[in-house]
Amino acid sequence: MKIKTNQVKVGSVVIGGGTAIKIQSMTTSKTEDTDATLKEILELYEAGCEIIRVTVQGLRQVESVKEIRKRIQERGLNIPLVADIHFFPKAATSVAPFVDKVRVNPGNFAIDSFKELIDVCKKHHTAIRVGVNHGSLAEDILYSYGDTPLGMCESAFRFLRIAKQESFDQIVVSLKSSNPLVMMKAYRLFVEMQKKEEMFCPLHLGVTEAGEGIEGRVKAAFGIGPLLLDGIGDTIRVSLTEDAIQEIGPCKILKNIPPYPGKLEYTGESQDEAVIHLAGWAGTFLLENPTEKIELKTPFGEAFDLDLKDKILQAARIKMTKADFISCPSCGRTQFNLQSVTRKIKKATEHLVGVKIAIMGCIVNGPGEMADADFGYVGSKPGFVDLYKKNQKVISQIHESEALEALIGLLKSESVWFEPLHA
Ligand code: SF4
């Protein structure tokens, strides 16, 4: 049964309150490139995306959003748009009248500005998402709670209590992490805490920086699937380091995930569906019984089954068989071609079992959001990259053409590198 929540109106779409789960995604073009962003929005909408987010770094992007909105309306369409804000409250209050929802991150949005944002949103019937990210919690939250699921929930409630005082209930909450176990715990804890606080915000579910390919889909489904099966979650995004449109198919499968049949067996005909269903069911099972002794079965042969099993156990952090990659989905802030760079780094380093490597598009959010990665490759400005060891920057602004070699050099200097067997 679905967990009780308020209804939140995001333009023409209603989230929560027992309505169907809504699919979301985010554009990857620079928002100021209005042609490219509009094209992406229209394609996403055609593919079944119901709410679309664009990045708004500053006032220049606010102007672009106005233009994009105008061009959408000229086409007679009513596509709910969300502005993604980090660090710059003025961008939030300026864009709020022209979008259907504003997403703020409590880790980098001044709490004093939140009331001001609520005032603007009330006036213009704009919803807000309080979007907590495990990797970018505020300093004082980290000091009091650490980077824990409780810290994530407290981070959200600080903002929600202000909204409650202001009698503003058009708020959605997300508690994302690149670690599916952490996000699952955070959402479940939030549901418990909500009852005590008597606030019933709809929840947007996601595993952030899930990566790409089957690994990315497995991580997302492993985290989101079990929550949906428990009636938690009103909207979802499968964040992939791929073209945004590739996120919609997995979302459609996830939102209709059937109940865990008690055996990890898929009998249908679609490999995409098998990946999502089995990872989602395994999330339910492994959270209660962490073991590497799982058997899964599909009609696609033993090699497929074994590979999927390895990926599921890796997502569960039960058994690592490859390096783990945390790569952001990219957005208008991205400083390099995330898809090709991620593929290149993966190819060179995936034999390093147990090493977690983050590939992040920008220094604005990248270093904060790569949470528990051992090493980070982060776009610092167009064509240049910073390299990190844990959360410490160790190499600044190296040219992209030399960055992979420098990363390998860093892995060697930290004694985690060895030559791949096939080299
Ligand atoms: S880390 Fe990636 S997705 Fe997040 S803001 Fe930077 S470029 Fe965009």
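Annotations
- Qualifying residue in the range 22-33 (condition: assigned to a loop (DSSP other than H, G, I, E, B) and more than 20 Å from Ser239 (Cα to Cα)): yes
- Gly107 being touching a strand residue (DSSP E or B) at 6+ places or on another chain (Cβ under 7 Å) and either free of Cβ contacts under 8 Å to residues at least 40 places away in the same chain or within 16 Å of the ligand (Cβ to nearest atom) (or both): yes
- The criterion of being closer than 20 Å to Leu137 by Cβ, within 16 Å of the ligand (Cβ to nearest atom), among the aliphatic types (A, V, I, L, M) and touching an Asp or Glu at 6+ places or on another chain (Cβ under 9 Å) does not hold for Ile357.
- Residues (farther than 14 Å from Ile345 by Cβ, more than 14 Å from the chain's Cα centre (by Cα) and within 8 Å of the ligand (Cβ to nearest atom)) located in the range 364-386: Val364
- For the range 204-213, the count of residues that are within 16 Å of the ligand (Cβ to nearest atom), over 25 Å from Ile357 (Cα atoms) and not aromatic (Phe, Trp, Tyr) is nonzero.
Table: residues versus (1) under 26 Å from Met360 (Cα atoms); (2) at pLDDT 95 or above; (3) of a type in the set (Asp, Glu); (4) surrounded by fewer than 22 Cβ atoms within 10 Å (Cβ to Cβ).
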{"residue": "Val10", "(1), (2), (3), (4)": "no, yes, no, no"}
{"residue": "Val14", "(1), (2), (3), (4)": "no, yes, no, yes"}
{"residue": "Thr19", "(1), (2), (3), (4)": "no, yes, no, yes"}
{"residue": "Ser25", "(1), (2), (3), (4)": "yes, yes, no, no"}
{"residue": "Thr37", "(1), (2), (3), (4)": "yes, yes, no, no"}
{"residue": "Cys49", "(1), (2), (3), (4)": "yes, yes, no, no"}
{"residue": "Ile52", "(1), (2), (3), (4)": "yes, yes, no, no"}
{"residue": "Val56", "(1), (2), (3), (4)": "yes, yes, no, no"}
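- Unmet criterion (only one of (1) more than 16 Å from the ligand (Cβ to nearest atom); (2) in contact with an Asp or Glu (Cβ under 6 Å, 6 or more places away or on another chain); (3) of a type outside the set (A, V, I, L, M)) for Pro89: (2)
- If you filter the range 113-147 down to residues that are more than 17 Å from the chain's Cα centre (by Cα) and of a type in the set (Ser, Thr, Tyr), you find that the one that is nearest to Lys90 (Cα to Cα) is Ser113.
- The residue list Ser340, Ser330 contains one member that is in a loop (DSSP other than H, G, I, E, B) and of a type in the set (Gly, Ala, Ser), which is Ser330.
- When residues of the range 67-86 are limited to those that are without any contact (Cβ under 8 Å) to a residue 60 or more places away in the chain and either small (Gly, Ala, Ser) or under 17 Å from Met26 (Cα atoms) (or both), the one nearest to the ligand (Cβ to nearest atom): Ile85
- Restricting Ala279, Ala274, Ala358 to those that are aliphatic (A, V, I, L, M), more than 14 Å from Gly211 (Cβ to Cβ), in contact with a Gly (Cβ under 8 Å, 6 or more places away or on another chain) and outside any loop (DSSP other than H, G, I, E, B) reduces the list to Ala274.
- Verdict on Arg129 being in contact with a His (Cβ under 8 Å, 6 or more places away or on another chain), assigned by TED's automatic domain parsing to the domain that holds Thr37 and charged (D, E, K, R): yes
- Flag if Ile51 is among the β-branched types (Val, Ile, Thr) and within 21 Å of the chain's Cα centre (by Cα): yes
- Residue identified as crowded, with 16+ Cβ neighbours inside 10 Å and in contact with a Cys (Cβ under 7 Å, 6 or more places away or on another chain) among Ile312, Ile257, Ile236, Ile253: Ile236
- Scope the range 9-54; condition more than 21 Å from Leu77 (Cβ to Cβ) and of a type in the set (A, V, I, L, M); matching residues: Ile21
- The range 97-112 - residue that is more than 22 Å from the chain's Cα centre (by Cα) and at pLDDT 95 or above and, of those, farthest from Met199 (Cα to Cα): Phe98
- Selection count where residues are buried (at least 16 other Cβ atoms within 10 Å of the Cβ) and farther than 18 Å from Leu228 by Cα, scope the range 266-285: 1
The values are calculated or read from the model by the stated rules, or taken from the named source; none is laboratory data. Since the model is a prediction, treat every value here as computed from it, not as a measurement. All Cβ positions, glycine included, derive from the backbone under ideal geometry; neighbour counts span all protein chains shown.
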